[in-house]
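**Q** Supplied in structure tokens, the structure appears directly below.
Values quoted throughout were computed directly from the atomic coordinates according to the rules given, and no laboratory measurement underlies them. Every value quoted in this text rests on a predicted model; they were computed, and no experiment measured them. Here the Cβ is made from the backbone with ideal geometry for all residues, glycine too, and neighbour counts use every protein chain on show.
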Amino acid sequence: MTIRAVVRGVGHYLPERVVPNSWFEDKVDTSDDWIRARTGIEQRHFAARDETTSTMATAAARSALEDAGLDLADLDAIIVATSTPDLTFPSVATMVQAGLGMRHGFAFDVQAVCAGFVFALAQANALMVSGQATRVMVIGAETFSRILDMDDRATCVLFGDGAGAVVLEAVDGAGTSADRGVLAVDLNSDGQFREMLYVDGGVSTTGTAGKLRMQGNPLFRQAVVKLAQTADAALTKAGLGPDDLDWLVPHQANIRIIEGTAKKMGLSMDKVVLTVQDHGNTSAASIPLALSVAKKNGQLKPGDLVVIEAIGGGLAWGAVVLRW
Ligand code: UT7
């Protein structure tokens, strides 16, 4: 018997404020045409002043719990992937725990920037497979609007805010790739690429939150290669290949990165879930947001074979193969 971490519910939260590309046109030297053509982004959501990463994460968690048909008492743990926490500490996850009114179990954050949800899902899977938890809420939530340099046209147009959540449940599987749940994980990082994507402030350096800095083009080239590699590695570990896939749910950074990765994997774009046009890059929130949207619009069905993959600051990158 093999324990499998099966997705039992999924949900998301997006701030009410929608910011179209045109909003940036009188702030920096850019255009709706450039942003659409170079990134695929049409709009993004920005959090209101009184919204934080934890309030959005809590809303997404409630929606995932409802979708799962479970009560708070059923949860053993909460993991939040974020790089934009409300405070330096405590963790956003404990704030979500309090926001939900949960007094038992444990909660902690994972920080792997845009790959955060992949890393958090891998941690949840490990906790479940090792018998330390039976039901785990995994959330990706970000308020990147708060760390954007609104004078830097190369980055300010790319990111958005939001939160997505999944509830995982430990289920006995047969140990084959026909099982539902997480089938394989591939995680990677290489700190030598630090300058490609970072925030220029922090607690033990400047004492400020800092602003996001990115070398977009070199990162773009790393992303396509590394994302295709990690997706293939995870599929190989599961004893499967790209032909077995029903859906690729990639990190939603740039439509051209997504197309490049799909091409390298030999996948048709019909099998790719796309939300980048509506959400922009929401970092760790982008994959759970895409999973939630894809379930709601009927794309994801029980039994479908799904690969999620992401890359972000660090660099950190990885993929998870799961049967929905
Ligand atoms: O989530 C973590 C992972 N994130 C990523 O993987 C992001 C990776 N990078 C990218 O998505 C792309 O590199 C960008 C969308 C950031 C940029 O696209 P690009 O095709 O790589 O453009 P580029 O950086 O090579 O810039 C091309 C031109 C430059 O002008 P010159 O030097 O050719 O005169 C830029 O200054 O486009 C210019 N540019 C802009 N023009 C209008 C850069 N940003 C803008 C803008 N509006 N917002």
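**Q** Please note which strands (runs of 3 or more DSSP E) are completely contained in the range 5-95 and include at least 1 residues that are charged (D, E, K, R) and either under 18 Å from the mean Cα position of the chain (by Cα) or under 20 Å from Leu168 (Cβ atoms) (or both).
**A** In the range 5-95, the matching strands (runs of 3 or more DSSP E) lie at 43-45.
**Q** Ok, one more. Looking only at the range 213-239, how many residues end up being in contact with an Asp or Glu (Cβ under 9 Å, 6 or more places away or on another chain) and of a type in the set (Gly, Ala, Ser)?
**A** 5
**Q** Please state which of the following conditions Gln252 fails to meet, knowing it meets all the rest: (1) more than 19 Å from Ala112 (Cβ to Cβ); (2) touching a Ser or Thr at 6+ places or on another chain (Cβ under 6 Å).
**A** (1)
**Q** I would also like to ask the following. Does Gly101 meet the test of being surrounded by fewer than 24 Cβ atoms within 10 Å (Cβ to Cβ), over 19 Å from the mean Cα position of the chain (by Cα) and touching a residue at least 40 places away in the same chain (Cβ under 8 Å)? Don't jump to the end; show me each part of the working.
**A** On the way: surrounded by fewer than 24 Cβ atoms within 10 Å (Cβ to Cβ): yes; over 19 Å from the mean Cα position of the chain (by Cα): yes; touching a residue at least 40 places away in the same chain (Cβ under 8 Å): no.
No.
**Q** Identify all residues within the range 34-63 that are among the acidic types (Asp, Glu) and under 26 Å from Val96 (Cβ atoms); write none if there are none. First the steps, then the outcome.
**A** The first filter runs over the range 34-63 and keeps only residues among the acidic types (Asp, Glu), leaving 42, 50-51.
Within the range 34-63, Asp50, Glu51 meet the criteria.
**Q** Condition check: buried (at least 23 other Cβ atoms within 10 Å of the Cβ), under 23 Å from Pro85 (Cα atoms) and within 16 Å of the ligand (Cβ to nearest atom). Does Gly140 satisfy that?
**A** Numbers: buried (at least 23 other Cβ atoms within 10 Å of the Cβ): yes; under 23 Å from Pro85 (Cα atoms): yes; within 16 Å of the ligand (Cβ to nearest atom): yes.
Taking the combined requirement at face value, the residue satisfies it.
**Q** Counting only residues that are part of a loop (DSSP other than H, G, I, E, B) and either within 13 Å of the ligand (Cβ to nearest atom) or of a type outside the set (Lys, Arg) (or both), which one in the range 281-311 is nearest to Val138 (Cα to Cα)?
**A** Quick first cut of the range 281-311, residues part of a loop (DSSP other than H, G, I, E, B) only: 282, 297-304.
Remaining after also requiring either within 13 Å of the ligand (Cβ to nearest atom) or of a type outside the set (Lys, Arg) (or both): 282, 297-300, 302-304.
On the way: Thr282: 16, Asn297: 21, Gly298: 22, Gln299: 21, Leu300: 18, Pro302: 19, Gly303: 20, Asp304: 20 Å.
Per the stated criteria, the residue is Thr282.
**Q** Give me a count of the residues in the range 104-126 that are over 11 Å from Ala77 (Cα atoms) and part of a loop (DSSP other than H, G, I, E, B).
**A** Summing the residues that are over 11 Å from Ala77 (Cα atoms) and part of a loop (DSSP other than H, G, I, E, B) in the range 104-126 gives 2.
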